[in-house]
Amino acid sequence: MKVKIWGVIFLLIAGGMAQMCKNRKAGDIDLGALMPHDVNEWKSQGADKIYTEETIFDYINGAGEIYRAYNYKKLQARNFAREGYPQIIADLFDMGEAKNAFGIFTHNLEGEKVGIGQGSLYSGGLLQFWKGRYFVSMFAEEETNESKAAVLAMGKKVASLIKEEGEFPWIVGLLPEENLKKNSIRYFYNHLILNYHFFLADDNILNLAGNTDAVLGTYQTEEGKYWLLLVNYPDEADYIHPLNPFCLSASFIKHNVQAQRHALACPL
């Protein structure tokens, strides 16, 4: 059977919601206090390394732009060693806001859920999870039974040291659940991230920015596969772009969620 691939964009116009849902700003947090120095006989080695939004490319060359697209603030990296066993690298990111931590977590959704933090995945020695405004990545250079146990134990310890929890972006709850692939939900507000998961255009034709919220979901039915993109704008004028083909044929519909809003619905 031929697979049909299609999509829908559903744009929400919701004045003021971006400010109402915004979390508190990042403070001057000692990230090192949120990480242990020894777990399962792995001990920290050398001094921690700290990277800001300006220096992240010194540590993560290829993927640095992804973190910057989620307004990342600071990263603290700590190495762990145990004689005769693979090295473990722990990276703790202060993403400034919970929505950013959740968003960067949704960028790579490969792996098995392991119940750490507010969302976690483990695959091939790599543990990733988010909690509050923090995103955590822990990687064993070689996966063994011992290194896996240490990585998971380390993750649980870090999660316990992070006392705050964050709210899931409210727009994620608007995705219809029927036929939704649960490991496909991506949250973002930068067109570079949208294009990574579903290329739309080189230009930012949907005017995605820090005051917008967007979520992309993938659906699978017997008829085929399709995507649904929801975008929230603080004002109707913000979605208009001279290169935006969706503005030419779309029609507005009323949508009541939390408050009355007007939505623009149109096919990709």
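None of the figures in this text is laboratory data; all of them are computed from the coordinates on show. The structure displayed is predicted, hence computed values, not measured ones. Reconstructed Cβ throughout: ideal geometry from the backbone, glycine too, with neighbour counts over all protein chains shown.
General observations
- Mean-position separation - Cα centroids, region 133-172 and region 33-89, in angstrom: 13 Å
- Taking other C-beta atoms within 10 angstrom as a stand-in for reagent exposure, 186, 133 fall in the order 186, 133, fewest first.
- For region 49-175, averaging the sequence separation of C-alpha pairs within contact (under 8 Å, six or more residues apart) and dividing by the residue count gives a relative contact order of 21 percent.
- Ranked 102, 139, criterion: other C-beta atoms within 10 Å, fewest first: 139, 102
- Protection proxy ranking, peptides 117-128, 39-50, 171-182, average beta carbon neighbours within 10 Å, highest first: 117-128, 39-50, 171-182
- Kirkwood Rh and Cα Rg combined as Rg/Rh, region 31-161: 0.94
- Karplus (6.51, -1.76, 1.60) ³J(HN,Hα), θ = phi - 60°, over region 185-192, in Hz, Gly and Pro reported as x: 6, 10, 10, 6, 8, 10, 5, 5
- Range of Cα positions in region 94-216 per principal axis (Å), largest first: 48, 29, 28
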